[in-house]
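Here's the structure we're looking at; comments come further down.
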Amino acid sequence: QLLVLGMHRSGTSVIARLLNMMGAYFGPEGVGMGANKDNRKGFWERKDVMELNNLVLHSVDCDWKKVAAFDPKKIPDTVVSKFGDRAANIVLELDAHRPWLLKEPRLCLLLENWKEFLEVPVCIHIYRNPVEVAQSLNIRNGIPVHTGIALWEKYNQSALEASSGLPRFVVSHNRLMQSPEKEVKFIYEQLLSFSVRG
């Protein structure tokens with residue numbers, strides 16, 4: 001159960017595609033977000049997972065770029081219940097195809113909610129320089145650079161806190177771009193060290 005954790009524009013799509021090429025299952029035909037001008041190779045995100053994460057965030061008047069006041073304790077019980085039913089079904093479907101991968105940046109904020117449905121998660125954090133992330137968000141979404149840096153901090157802090165105690169490792173976006181073969185070998189060796197097979 002491979003979970004790719006990283007802020008938007010951090011290279012999560014690259015990691016997801018690499019894992020898929022290594023043999024990790026993504027999902028059935030048509031489940032993915034596809035590609036667009038922002039990511040011509042595809043986002044490697046499942047529509048159902050994104051919609052489910054949005055359901056939770058929207059229930060407390062948040063969204064992917066409005067998270068400063070996000071508090072998981074304020075999620076309404078009805079939303080928690082609906083989330084649980086749908087998340088359990090998604091994981092059940094994926095578990096028929098282990099090893100599998102899940103990548104959706106909002107997982108950084110909501111990993112705590114997903115954890116109870118996971119038996120053998122391995123968290124793969126991707127680190128990219130926050131200024132680079134913020135500049136990319138500024139170009140793509142018009143988000144001020146200081147806001148982008150604050151978002152980067154919120155996403156990564158949430159992900160690191162939620163993955164504490166779980167098998168995890170960090171991939172450098174910079175090293176991946178500069179020395180892809182070496183970094184892919186590192187990823188593969190880390191997966192083997194956590195008994196990921198297939």
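Mind running the shape call on the range 50-177? Use the C-alpha gyration tensor, a ≥ b ≥ c as the square roots of the eigenvalues: rounded below 1.5 for a/c, prolate if a/b tops b/c, oblate otherwise.
The shape class here is oblate.
Please return the longest range in the chain lying between exposed loop sites, taking GluC sites (Glu not before Pro), DSSP loop only, at most 13 other beta-carbon atoms within 10 Å, and leaving the sites out.
30-118
For the chain, give me the percentage of DSSP beta bridges that are antiparallel, rounded to the nearest 5 percent.
Within the chain, antiparallel bridges account for around 20 percent of the total.
Taking the Cα centre of the range 20-120 as origin, sum charge times position over the Cβ atoms of Lys and Arg (+1) and Asp and Glu (-1), and report the length of that vector in debye to the nearest 20.
Its charge dipole is roughly 420 debye.
Keeping all protein chains in position, work out how much accessible area residue 95 exposes to a 1.4 Å probe, and write it in Å² to the nearest 10.
Here the residue's solvent-accessible area equals roughly 40 Å².
How large is the dipole of the chain about the Cα centre if only Lys and Arg carry +1 and Asp and Glu carry -1, each at its Cβ, rounded to the nearest 20 debye?
Dipole of the chain, to the nearest 20 debye: 580 debye.
Averaged per residue, what accessible surface does the chain expose to a 1.4 Å probe, in Å²?
51 Å²
Rounded if a/c is under 1.5, else prolate if a/b is larger than b/c, else oblate: which is the range 40-90, with a ≥ b ≥ c the root eigenvalues of its Cα gyration tensor?
oblate
Where nothing but the Cβ of Lys and Arg (+1) and of Asp and Glu (-1) is charged, how large is the charge dipole of the range 96-198 around its Cα centre, in debye to the nearest 20?
Dipole magnitude for the range 96-198 comes out near 200 debye.
Tell me whether the range 1-118 comes out rounded, prolate or oblate; compute the Cα gyration tensor, take square roots of the eigenvalues as a ≥ b ≥ c, and use a/c under 1.5 as the rounded threshold.
Taking the square roots of the gyration eigenvalues as a ≥ b ≥ c, the range 1-118 is oblate.
Suppose we flag trypsin sites (Lys or Arg not before Pro) only when DSSP calls them loop and at most 11 other Cβ atoms lie within 10 Å. Which is the longest uninterrupted stretch of the chain?
42-196
Among 66/103; 73/115; 154/182; 115/185, which pairs are too far apart, with a Cα-Cα distance over 23 Å?
154/182; 115/185
222 nm [θ] for the chain, helices only, -39500 (n - 2.57) per DSSP H run of 4+, per residue, to 500?
-16000 deg cm²/dmol
Ignoring any ligand, DNA or RNA, what whole percent of the accessible area of the chain comes from carbon and sulfur when the probe is 1.4 angstrom?
53 percent
Roughly how many Å is it from the Cα centre of the range 84-125 to that of the range 7-30, as a whole number?
14 Å
The values are calculated or read from the model by the stated rules, or taken from the named source; none is laboratory data. Predicted model only: the values in this text are computed from it and were never measured. With ideal geometry, Cβ positions are generated from the backbone for all residues, glycine too; neighbour counts draw on all protein chains shown. These area figures cover heavy atoms from the full protein model, side chains too; ligands, DNA and RNA do not enter into them. Shrake-Rupley method; radii C 1.70, N 1.55, O 1.52, S 1.80 Å.
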